[in-house]
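To keep things clear, I will list the structure first and then write my remarks on it.
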Amino acid sequence: FSFSVMFLLVKVMKSMNAFTLVFWRSVVQIAISLVDLYEKSESPLGPKDFRVRFYLVLRALFGAAAVMAWFFGIQILPLPDAVTL
């Protein structure tokens, strides 16, 4: 359900830049994640191992690029085609 609402909001907000939409999505996602990590008493940066943190940063960069491409596609293409891709 939440993905459907997100797709609909991205499609409705065509006038907003994809970067802006990704920024606000990330702000909400970070807030929810920090609350969850606080309740579990875990560090938001992961373990202190350098390799693990490096891979977390790498994953974040690829994830941000993927979300940017996804939102851009949803704004440009008709919604059924964008979701199919």
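The values are calculated or read from the model by the stated rules, or taken from the named source; none is laboratory data. Keep in mind it's a predicted model, so treat the numbers as computed, not measured. Positions of Cβ are generated from backbone atoms using ideal geometry, with glycine treated the same way; all protein chains shown enter the neighbour counts. What goes into the accessible areas is simple: the full protein's heavy atoms, side chains included, and nothing from ligands, DNA or RNA. Shrake-Rupley method; radii C 1.70, N 1.55, O 1.52, S 1.80 Å.
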Within the chain, which whole H helices from DSSP have a Cα span along their axis of at least 30 Å and a mean Kyte-Doolittle hydropathy of -1.0 or more, if any? 18-40, 50-76
What length, rounded to one decimal in nm, is gained on full extension from L61 through to V35, with 0.36 nm per residue of separation minus their alpha-carbon distance? 7.2 nm
Nothing charged except the Cβ atoms of Lys and Arg (+1) and of Asp and Glu (-1): what's the magnitude of the dipole of the chain about its Cα centre? Round to the nearest 20 debye. 160
Length-normalised contact order of the chain in % [C-alpha pairs under 8 Å, at least 6 apart]: 44
Note to self: with every protein chain in place and a 1.4 Å probe, the chain gives an accessible area per residue in Å² of 81
If you build the Cα gyration tensor of the chain and take the root of 5 times each eigenvalue, what three semi-axes come out, in whole angstrom, biggest first? 29, 15, 11
Ignoring everything except DSSP H segments at least 4 long, calculate the 222 nm mean residue ellipticity for the chain; use -39,500 (n - 2.57) per segment, divide by total residues, nearest 500. -26500 deg cm²/dmol
If I model a spin label at V83 and V28 as a point 7 Å from the Cα along the Cα→Cβ vector, what separation in nanometres do I get? 1.7
